[in-house]
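Throughout, read-outs are computed from the coordinates displayed, never taken from laboratory work. Everything quoted here is computed from the prediction, not taken from an experiment. Positions of Cβ are backbone-derived with ideal geometry, glycine not excepted, and every protein chain shown enters the neighbour counts.
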Amino acid sequence: MKIYENLINEVNRLINNIYGYSNVKRTLKLYTGKSKKHSYDTHLLALRKAQRAYENLTTERQESIDALKKAIEIWENELKEAQPSNKKARINGDIYQAILLNIAEAKTTIGDYNGATDYCDKLDVMPDAKNKYIRRSEKLRKFIKDEKLRNP
């Protein structure tokens with residue numbers, strides 16, 4: 001009986017893994033710039049929009065997706081003035097990497113998996129990318145791969 005019970009549990013786990021929609025608890029980290037010399041008000045605005053969108057995602061899905069798209073737009077505009085090689089720039093390499101991750105997370109949430117992967121790729125090809133951002137990017141890639149399989 002123990003063998004049958006183990007087999008049933010294993011089959012149940014496999015079916016749930018392949019076809020099921022289990023309750024996934026996932027924490028997101030949102031990054032913003034801080035400095036006494038530069039203003040990051042637009043980052044803070046995008047951060048607040050994204051936070052509210054993530055909090056209300058289950059109850060107000062379409063409004064949350066729209067808010068995330070606005071946050072992505074703000075972050076993408078910030079990337080236009082990025083100078084990753086200049087440490088004294090307002091959008092230096094560290095902040096550039098953080099914004100790339102913010103955008104990748106948001107694009108994953110709204111279902112733009114290819115766009116999210118593109119931003120992870122941009123982070124990976126940076127010569128001086130920090131390990132904490134690379135690790136976060138790799139975790140996100142695994143999540144994206146799983147989401148693509150579940151939501152074709």
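Exposure proxy shown here: for His43, His38, the number of other Cβ atoms within 10 Å sets the order, fewest to most, as His38, His43.
Mean residue ellipticity, 222 nm, helices only, the chain: the sum of -39500 (n - 2.57) across DSSP H runs of n ≥ 4, divided by residue count and rounded to 500, is -22500 deg cm²/dmol. Partners of Lys29 within straight-line reach, counting aspartates and glutamates whose Cα lies under 17 Å from its Cα and excluding those fewer than 8 residues away in the same chain: Glu55, Asp94, Glu105, Glu138.
Taking amide H positions as modeled 1.01 Å from N, with prolines and chain starts lacking one, no residue 5 or more places away or on another chain lies under 5 Å from Thr32. Just to confirm the number: angle between the C-alpha axis of helix 61-79 and the first principal axis of the chain, 0 to 90 degrees, nearest 10? Once rounded, one gets 40 degrees.
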